[in-house]
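Coordinate-derived values only; no laboratory data. Keep in mind that this is a model prediction, so the values were computed, not measured. Note: ideal-geometry Cβ built from the backbone for every residue, glycine included; neighbour counts use all protein chains shown.
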Amino acid sequence: MISQKSMAAAALLRNYTTTGRIVAGVRTSPGLSAHHSSINFLTANRARRYLCRASATHDEEAAAKAAAINADNGAPTIFDKIISKEIPSAIVYEDDKVLAFKDINPVAPVHVLVIPKFRDGLTQLGKAEQRHGEILGQLLYAARIVAEKEGILEGFRVVINNGPSACQSVYHLHLHVLGGRQMHWPPG
Ligand code: 5GP
């Protein structure tokens, strides 16, 4: 019998225009229709990630906008639970202002997130004010420390996704430190 999760995932896929990449990803999951566990990876965040890699459609734009709706309501994000260690993470670097931990869904051999421990209104880079200059500098310097610790100082990329059109999915400012493979330009 098809579980509710399977049906939800199928509906999710239906709702979005499936590109070759998404279809291929699902087809390689063995027993998709029989075992819902094979599509458990399609959490909202993960699905959004797939969508943002795909060509833009109105549905995709709507999904990205949906993630931004509660951006500034002051509610804690998943990163608050990581900072408080309520949710475990693989910490790469930490000081009194900054935390760096491995991304749960890496897109490169090295993929570390660098975040401020105190959000202080920085849900996204676009909310930065002059008073944030010091922490912004500290985050960038922490990215360099992470790159050195991870052995990618010779070549790495720092990315900040800002807002729905950049596919930001967590509204607590974060830098992605990416490396360990050849990067290409322009980014998708
Ligand atoms: P954004 O899409 O907002 O630029 O990036 C958010 C990142 O947070 C994503 O790359 C996503 O994989 C990562 N992420 C979301 N939830 C968790 C989590 O619980 N733990 C870790 N380590 N990373 C997470």
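Brief remarks on what is shown
- Local net charge near LYS127, Cβ-Cβ under 14 Å (Lys/Arg +1, Asp/Glu -1): -1
- Kirkwood hydrodynamic radius (C-alpha pairs) into Stokes-Einstein, the stretch 78-179, 37 °C and 0.692 mPa s, D in µm²/s: 241
- Other residues within the sphere of radius under 13 Å centred on the Cβ of PRO88, judged by their own Cβ, net out at +2 (K and R +1, D and E -1).
- Summing charges over neighbours of ILE152, with a neighbour being any other residue whose Cβ is under 15 Å away from its Cβ, gives +1 when K and R count +1 and D and E count -1.
- Span from the the stretch 82-103 Cα centroid across to the the stretch 105-123 one, whole angstrom: 9
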